[in-house]
1. Would you give the gap between the C-alpha center of the stretch 141-195 and the C-alpha center of the stretch 380-414, rounded to a whole Å?
2. Distances longer than 28 Å among the Cα atoms of the stretch 6-274: what percent of all pairs is that?
3. Give the Kirkwood hydrodynamic radius (Å, one decimal) of the stretch 162-260, defined as one over the mean of 1/r across all pairs of different Cα atoms.
4. Mind jotting down the distance between the C-alpha centroids of the stretch 304-335 and the stretch 627-687, whole Å?
5. Please name which of Leu486, Gln342, Gly379 has its Cα lying farthest along the dipole of the chain towards the positive end, using unit charges on Cβ (Lys, Arg +1; Asp, Glu -1) and the Cα centre as origin.
6. Just going by the charge dipole of the stretch 725-855, with Lys and Arg at +1 and Asp and Glu at -1 on Cβ, which of His790, Asn753, Gln852 is farthest out on the positive end?
7. Could you work out the relative contact order of the stretch 173-329? I mean the mean sequence separation of Cα pairs under 8 Å and 6+ apart, divided by the number of residues, in percent.
8. Tally Lys and Arg at +1 and Asp and Glu at -1 over the other residues with C-beta under 10 Å from the C-beta of Val675: what net charge comes out?
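None of the figures in this text is laboratory data; all of them are computed from the coordinates on show. The shown structure was predicted, so the numbers you read here are calculated from the model rather than taken from an experiment. Note: ideal-geometry Cβ built from the backbone for every residue, glycine included; neighbour counts use all protein chains shown.
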Amino acid sequence: MKKQYTLFFALVFLATGFFGVEAPCEVATSAPSAAKISTVPELIVLRAVTGSKQIGNGVEIRSENAVMQVTALRDDVLRVRVGIQGQLPEDASWAVLPTARTASVRVFAEEDSASVGFRTGALRIKVDRSTMRLRITDLKGTLIQEDAIGHPVEFHGSAFRVYKTMAVDEHFFGLGDKPGSLDRRDHSYSLWNTDSFGFQESTDPIYKSIPFFLTSRGGTAAGVLLDNTWRTSFDFGREYSDAYSFGSEGGPLDYYILYGPDAKHVLSTYAWLTGPTPLPPLWSFGFQQSRYSYHPESEVRKIADRLRADRIPADALYLDIDYQDHYRPFTVDQVQFPHFAQMIEDLRKQNLRVVAITDLHIAHLPDANYTPYDSGMTGDHFVKKPDSSVYIGKVWPGPSVFPDFTRESTRKWWGSLYADFVHDGIAGFWNDMNEPSIFDTPNKTMPDNVQHRIDEPGFRPRTTTHLEIHDVYGMENSRATYDGLLALTPNQRPFVLTRASYAGGQRYAATWTGDNSSTWNHLRLTTPMLLNLGLSGFGMSGADVGGFVGSPGAELLTKWIELGTFQPIDRDHASDTSANQEVWVDGAEQEDIRRRYIEERYKLLPYLYTTAEEMSRTGLPIVRPLFLEFPDATADKHPIDLDAPNEFLFGANMLIAPGIYPEKPDTYPVRLPSVDWYNYWTGEKIGENMLTADSSTGNPSGLVGRQITIKPQLDVLPVFVREGSILPMQPLTQSTIETPKGPLTLRVYPGKNCTGSIYLDDGLSFAYKNGDFLRMAFSCVETPKGITVHVGPHQGSYVPWWTSLRVEVYGSTTAGKAVVAGSAQTVQTSFDAPHHVAAFTLPDSGQGEDLQIEWIR
């Protein structure tokens, strides 16, 4: 651990602005020179406990003038706050819901000569009296988190840093869509929303600042949220091999500790703390076609016509900035789009919705009858410079002004600007450039001294600088859009897509990974970026299919479209300088492959939408790392994803295994954890190759499960289904507006704990909150002669599109005969030997039934 590194750390602080350092005493005692006084902030390190008192749900501790409060919001959720001027920072948050932040649970005081603390129904908290080290264990003594030896908390003026011990087998996930590996261990990161056009694997920071991470050690998981909107940083073993740390340049030291013990519980708790993703409209899960930009109007219509002529299922077309008059938000270029409203209506008749970009920079146009500017000035809605004049920066429209989104009244004004577009029938809105990105400043964003007025329920009204608001600015932009759309159409679910955000931003908008590149490496980067977004609350996310910067070759685009099928948002998007990358480019052979995967996505919509509804209740993301469902997939319980970084789960039951190097023809291993699996495409049950935990057998990672070898094929993305899954699927449609024709298919994959479900509603409104939904549960049990599939009764008042069920049992080697228990219903049967599936069709009475299947020997 750290020794006497005061001078070293002071130099580091000067270089970086906020890395922590240790001092041998509470306040630096040597008298620095006048020059040092002006450049080196006072170093304060919390040392010994000089006073403490038990409070209703925790403990308050003093170390001379500093005060630390540790409280329990729930038995498994702790909050730690520290102030060095005799009082705690303001109790307010942009991220944490008021109901969670003010929650409280009964605790039991525990004090002795060495420590002060308490316990909850799940955790034991101790603060060492001589060192102020915070130590948290579960009630069995398993270590959850402890401060590093030497200096639990240290301040440098307004900056601070917290150090925690790091075990050799500890791993870290989260922080949003940072490029690079899934595991954050051995890396350090800065959180400062940045327009990172053409980012690469080592680029940091990028668009979003989500100061939440998940720790995993020996199968025990916990989460940490540092609720601080200033520039923050996180170090997971780069500075010290046995410690991780987090800190900020300024603002409150206020963090939350979320106990598992499993990662699923941590994520559900994080959703309780910061809010889950609202249930999105069904159409947002359809295929989306975009470009910077489709213009003029004739080009938009041409794209729509080609999608329908080639029978490529699709639900949305995007309009980037070129549809606007001189790039001015909330305008339409009447020359390029002379029949804008009619075009929207005509596209809707083709079952295509429009998503329009609305950047936050309002053109600085006094005396020009530009309503957004005029009304914004009248309402005093724009951010200002220190001299109280309106700040003006250059972006797409030229000189621009910027809404002061930290004011509730400004957000309401912004939301009202969507009225005309909503009236025209635009279905979704895209908030881009909201880091905020500025063209004519050295740091490509607002100057640090730009003034924001906080006038928000739950906050003390005050004025602050951009340093405090920068990382939350994009989230408040998307919040204003979301709330504004709700105000305009209260019974319609908004769809908002944002590029920049902060913790809790999932309450208002979906997101994507920004301006990626059309390279094989960026195709590989997609999986860990989306997984970490999902682990950070943003389960509704995507990466531009095909890449935004550059032009993908034919095979790269095909493989990317295949992967996009299994992303929450499936959007093909390219820059204005890229070659066309619509599905049909590169000829009929490539188009046929691409179309087939998009069609498969539409067949899987019942499964995908059911998973999304689960996400809206539990916070569990749609795409998941393997360890989320299989925490015991390795003998020592390290995350199996470290051995299979190319693999991920689509929902709980489908495993996607793209090539480790998808541009290479080399074979590669696929690791299938813990249970039996089926090939999704062939229906075949995976054979032997069972691995044991014995490293002498060629299994050094200790995988408990199976490993198979894959030979890459252009037209095959390997997909597997875990045993015991029942996947609901529908007949192919060309959009989500089109009603499926035929039975609901239940794909049954026999095995242990065989269950499944489906959730359905109208896909657009909030009627489901009043019971207008459909929910069904399914299960299966193998019998000595066959299998019994239980179909649960309809729950809720929503009437489904199907009247019959097609039950497909996979892994079958023979045909079967079936009866519905207690009924004389006729059950149609068939057997598809090449796909190892026996199928049975029966009416859906809505009352629930048991389908008893007996194999024909």
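1. A separation of 34 Å, based on Cα centres.
2. Tail of the P(r) past 28 Å holds 32 percent of the pairs.
3. Over the stretch 162-260, the inverse of the mean reciprocal pair distance is 13.8 Å.
4. 38 Å
5. Positive-end residue among those listed: Leu486.
6. About the Cα centre, the residue reaching furthest to the positive side is Asn753.
7. Result for the stretch 173-329 is 17 percent.
8. Overall, the nearby charge balance is 0.
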